[in-house]
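The values are calculated or read from the model by the stated rules, or taken from the named source; none is laboratory data. As the structure is a prediction and not an experimental result, all values here were calculated from the model. Cβ atoms come from the backbone with ideal geometry, glycine included; neighbour counts cover every protein chain shown. Surface areas here come from the heavy atoms of the whole protein model, side chains and all, with no ligands, DNA or RNA. Shrake-Rupley method; radii C 1.70, N 1.55, O 1.52, S 1.80 Å.
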Amino acid sequence: MTNADEYIQKFKELESVVKETFGLNDWDSVTNFLSKRDEYRPFREEIKYCQEVRNLLQHKQKIGGEYPVEPTREMISFLERTIASLKNRKKCGQIMVPLDRLFYKKSSDSVKGTLSKMKEISTGHVPVLDENGKVCGVFTAFSLLHMIADKKGEPLGSDYSFSEAKNYVSLEHHSSEVYRFVEKNLYVDELKDIFERTYSGGKRLAMVFVTTNGNPDGKLLGTISPWDVLGKEDNF
């Protein structure tokens with residue numbers, strides 16, 4: 001098998017994988033689709049070039065039984081890496097910070113006892129869980145400011161718990177931020193779409209909670225931050 005034969009075969013495999021993965025129609029352009037996706041945008045010129053070479057090999061008549069061009073091994077490797085990246089798309093469960101590594105608090109825990117740890121690990125968002133392991137709120141600096149303001153300067157007692165402060169830590173109380181719940185098998189590129197739609201709507205998505213059923217009534221499995229999703233490029 002020549003490089004040209006292998007290249008045509010790999011390109012057909014790429015088209016098949018993309019259409020099956022994303023539910024495209026037979027007449028949809030695979031290269032146009034990939035070029036518009038964030039994770040493949042840095043490689044759009046390479047993808048376009050591969051399409052042009054495929055068209056030349058597939059649709060132009062051979063001369064003397066030979067192809068007009070011979071793709072390099074690197075071009076074939078590029079197609080193979082692209083196919084592999086599509087077949088091995090990351091899921092939310094693979095990039096989340098799992099519960100056993102997450103700094104969180106129970107609703108019965110003390111608010112005051114949480115502050116020093118937040119400073120130590122430089123975190124601004126602490127999930128608060130109820131007795132069943134479900135998210136019942138998030139403790140932030142915003143929450144603390146409202147607590148202090150309503151107490152008119154009165155110091156927080158050492159036994160003042162998150163259950164008593166539920167109105168300050170509830171997700172609805174964070175008017176400038178929103179939170180989303182997803183299941184662990186959601187693909188990361190689909191989560192990116194959720195982030196982008198939220199930002200385009202003028203809101204800040206502060207944190208994503210991965211739960212057993214992808215809903216607020218599911219037990220928390222882990223969290224994903226905007227940096228985990230939007231701050232890293234997937235190279236292939």
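Here are some pairs, K119/K152; K10/K87; K105/K203; K106/K134; K90/K134; which of them have Cα atoms lying more than 20 Å apart in this structure? Pairs exceeding the cut-off: K119/K152; K105/K203; K90/K134. Between K12 and R37, the modelled label-to-label distance comes to 2.2 nm, taking each label 7 Å out from Cα in the direction of the beta carbon. In this structure, the amide hydrogen of T223, modeled 1.01 Å from its nitrogen in the peptide plane, lies closer than 5 angstrom to those of V97, V210, counting only residues at least 5 positions away or on a different chain. For F181, the residues 5 or more places off, or on other chains, whose built amide H falls under 5 Å of its own are F209. Helices meeting the span-like rule in the chain (full DSSP H runs, Cα extent of at least 24 Å along the helix axis, mean Kyte-Doolittle score of -1.0 or higher): 3-22. Taking the Cα centre of the chain as origin and assigning +1 to Lys and Arg Cβ atoms and -1 to Asp and Glu Cβ atoms, the resulting dipole is close to 380 debye. For the pair K219 and A149, a Förster radius of 30 Å applied to the C-beta separation gives a FRET efficiency near 0.35, rounded to the nearest 0.05. The candidate values were (i) 37, 20, 14; (ii) 30, 26, 19; (iii) 52, 15, 14; the one computed from these coordinates for semi-axes √(5λ) of the Cα gyration tensor in Å carries the label (iii). Heavy-atom accessible surface of segment 69-155, averaged per residue, reaches 57 Å², computed with a 1.4 Å probe. Ignoring any ligand, DNA or RNA, what whole percent of the accessible area of the chain comes from carbon and sulfur when the probe is 1.4 angstrom? C and S fraction of accessible area: 48 percent. Amide H contacts of F139 (H built 1.01 Å from N, in plane; Pro and chain starts excluded): V126, V128 sit under 5 Å, all sequence-distant by 5 or more or on other chains. Site pair S176 and N25 shows an inter-label distance of 4.6 nm when each label is modelled 7 Å from Cα along Cα→Cβ.
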